[in-house]
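Encoded as structure tokens, the structure appears first; notes follow it.
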Amino acid sequence: MIIYCDRIISEQGIIDGYLKVEGSKITDLVRKDVEELQADRDYSGYTIIPGIFDTHNHGFMGWDPSRSEGGTAEIEGYCKALGSAAVTSIFPTVVDEDDSFALIAEVAKENKDGAAIMGIHSEGPYLNRVGEKGVDTGHPDIDLDRIERAIKNSNGLLKLMALAPELPLSKQAIRLLNKNGVRAAFAHSNQTYEEALESFKDGISVITHTANVMSGLHHRNMGGLGAAILNDDVYNELICDGLHVRNEMIEIIMRVKRDAFNKIMMISDNVHLGGLPAGQYMGPFGGEVTITDEGFCLTDTGRLAGSAKPVLYGMRNLVKNMNIPIETVSKMASLNPSLVYGFADRKGSIRNGKDADFAVIDDDFMCLYTYREGKKIYDHNTDTNLYNPYADNYKVKE
């Protein structure tokens with residue numbers, strides 16, 4: 001298959017030319033000014049970006065990978081829906097309850113029609129800080145045996161576990177995770193700047209949704225956020241929708257973080273209501289939430305309850321509103337997570353020999369087509385209803 005496009009975001013920069021795909025692999029990139037080829041598909045006027053790798057995603061379009069009663073069909077529908085947002089690689093973000101890990105591991109073996117499950121991200125359950133406008137209801141005690149079971153149940157797929165490092169037994173938990181090849185993340189924490197730096201020394205290597213649900217910056221107290229952006233070794237997840245973190249703070253983070261464009265991984269933090277129409281729904285944590293027209297997911301107190309916009313929306317924000325080059329933004333959305341989690345030999349960028357994972361988007365960052373390993377997994381002309389039929393149960397009835 002030979003695809004022509006006048007804007008291909010490759011490792012060599014933006015190319016006007018041809019993308020050659022044989023089977024599941026990219027076999028060549030040919031500039032049009034070097035050689036003109038007969039294309040099988042012409043995507044002139046659009047942009048081809050590397051497939052997005054979202055490492056922090058709880059659900060989409062009503063599909064919830066933690067809803068074990070939905071069985072493997074729930075996870076398959078979730079992976080399929082993600083293709084509409086240009087996602088080709090995913091870490092379903094769940095806690096190992098009700099056989100969630102085992103179901104995800106089962107689908108990961110066979111799933112071919114949707115985003116590839118590259119691992120599992122467990123955000124919690126050992127979290128502490130509840131964030132602004134929240135009510136502290138306590139926290140679960142760290143159970144090392146439970147962590148060991150989670151590692152085993154994931155069948156090698158657990159790649160990241162987020163925890164609050166101030167909790168008792170956190171050092172032992174971090175050590176256990178790292179010993180088993182699982183990165184430990186700093187999350188939902190009340191730690192001070194100094195305490196956070198010590199936790200990084202203990203083996204924390206990723207910052208969960210930087211700036212959100214952690215002690216913030218103050219000129220006499222730099223907080224967990226200060227540690228997250230001043231430490232050179234940790235990698236930073238960042239929700240770039242401009243809603244969870246204002247663009248001014250995104251700019252501060254990108255200016256202050258050394259080697260920021262290699263250290264930041266764009267994420268969605270989508271809840272299962274993400275991608276659904278604005279309205280009232282039963283929320284992911286109980287109670288009612290509102291999905292607003294602009295994309296907030298809010299409780300009745302105004303507290304954020306997860307994200308409703310995909311990474312692609314965040315890419316649009318960075319390019320259109322913050323004037324960051326699309327090549328740089330694409331790197332943070334695709335290549336950086338591939339590097340951090342060990343998949344960059346085949347994922348994360350458009351380059352000869354890598355998997356043919358890419359998406360075709362228009363100038364407003366709407367996804368038109370998505371390809372995973374050379375197979376089209378999303379077509380905006382035919383995949384017109386990817387919503388979970390069960391999502392009607394989440395609507396608040398009048």
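Some points to look at:
- Index of the failed condition, VAL94 passing every other in (1) buried (at least 24 other Cβ atoms within 10 Å of the Cβ); (2) within 13 Å of the chain's Cα centre (by Cα); (3) touching a residue at least 40 places away in the same chain (Cβ under 8 Å): (3)
- Residues (modelled with pLDDT of 95 or more, under 20 Å from GLY242 (Cβ atoms) and touching a helix residue (DSSP H, G or I) at 6+ places or on another chain (Cβ under 7 Å)) located in the range 253-293: ILE253, MET254, VAL256, LYS257, ALA260, PHE261, ILE264, MET265, MET266, ILE267, SER268
A quick yes/no check of all residues on (1) under 20 Å from ILE267 (Cβ atoms); (2) of a type in the set (Phe, Trp, Tyr); (3) in the same structural domain as TYR43 (by TED's automatic domain parsing); (4) touching a Leu at 6+ places or on another chain (Cβ under 7 Å):
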site: ILE324; (1), (2), (3), (4): yes, no, no, yes
site: SER330; (1), (2), (3), (4): yes, no, no, no
site: TYR390; (1), (2), (3), (4): no, yes, no, no
site: VAL396; (1), (2), (3), (4): no, no, no, no
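- Boolean, SER100 is in contact (Cβ under 8 Å) with a residue 24 or more places away in the chain and either under 18 Å from the mean Cα position of the chain (by Cα) or over 30 Å from LYS152 (Cβ atoms) (or both): no
- Residue check for LYS395: surrounded by fewer than 16 Cβ atoms within 10 Å (Cβ to Cβ) and farther than 26 Å from ALA260 by Cα: yes
- Criterion applied to ASP42, ASP6, ASP33, ASP28 was being free of Cβ contacts under 8 Å to residues at least 24 places away in the same chain, among the acidic types (Asp, Glu) and farther than 21 Å from GLY119 by Cβ, and the one residue passing it is ASP33.
- Odd one out for LEU82, checked against (1) buried (at least 21 other Cβ atoms within 10 Å of the Cβ); (2) assigned to a strand (DSSP E or B): (2)
- Where a residue in the range 168-184 is on the phi > 0 side of the Ramachandran plot and its partner, wherever it lies, is assigned to a loop (DSSP other than H, G, I, E, B) and surrounded by 15 or more Cβ atoms within 10 Å (Cβ to Cβ), with Cβ under 8 Å and at least six apart: LEU169/ILE142
- Residues that are polar (S, T, N, Q) and under 15 Å from ARG372 (Cα atoms) were ranked within the range 74-111; the one that is modelled with the lowest pLDDT is ASN111.
Yes/no matrix, rows are residues, columns are (1) surrounded by 23 or more Cβ atoms within 10 Å (Cβ to Cβ); (2) free of Cβ contacts under 8 Å to residues at least 60 places away in the same chain:
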{"residue": "ALA344", "(1), (2)": "no, yes"}
{"residue": "ASP357", "(1), (2)": "yes, no"}
{"residue": "LYS375", "(1), (2)": "no, no"}
{"residue": "TYR387", "(1), (2)": "no, no"}
{"residue": "ALA391", "(1), (2)": "no, no"}
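- Filter pass, ILE326 being in contact with a Phe, Trp or Tyr (Cβ under 7 Å, 6 or more places away or on another chain), at pLDDT 95 or above and over 23 Å from PHE296 (Cα atoms): no
- Among residues of the range 252-293, those that are more than 21 Å from ASP54 (Cα to Cα) and touching a residue at least 40 places away in the same chain (Cβ under 8 Å), counted: 5
- Qualifying residues in the range 62-74 (those that are surrounded by 21 or more Cβ atoms within 10 Å (Cβ to Cβ) and in contact with an Asp or Glu (Cβ under 8 Å, 6 or more places away or on another chain)) - the one farthest from LEU163 (Cα to Cα): GLU74
- Some residue of the range 330-339 being closer than 18 Å to ILE9 by Cα and more than 17 Å from the chain's Cα centre (by Cα): no
- Test: THR47 is among the hydroxyl-bearing types (Ser, Thr, Tyr), in contact with a helix residue (DSSP H, G or I) (Cβ under 8 Å, 6 or more places away or on another chain), surrounded by fewer than 24 Cβ atoms within 10 Å (Cβ to Cβ) and touching a residue at least 60 places away in the same chain (Cβ under 8 Å): yes
- Complete set of residues in the range 97-130 that are assigned to a strand (DSSP E or B) and surrounded by fewer than 24 Cβ atoms within 10 Å (Cβ to Cβ): ALA116, ILE117, GLU123
- There is no residue in the range 32-45 that is under 17 Å from LEU276 (Cβ atoms), of a type outside the set (Val, Ile, Thr) and either part of a strand (DSSP E or B) or touching a Gly at 6+ places or on another chain (Cβ under 7 Å) (or both).
- Look at (1) in a loop (DSSP other than H, G, I, E, B); (2) in contact with a helix residue (DSSP H, G or I) (Cβ under 9 Å, 6 or more places away or on another chain); (3) over 30 Å from LEU298 (Cα atoms) and you find that PRO168 fails only one, number (2).
The values are calculated or read from the model by the stated rules, or taken from the named source; none is laboratory data. This structure is a prediction, so every number in the text was calculated from the model and none was measured. Neighbour counts run over all protein chains shown; Cβ positions are idealised from the backbone, glycine included.
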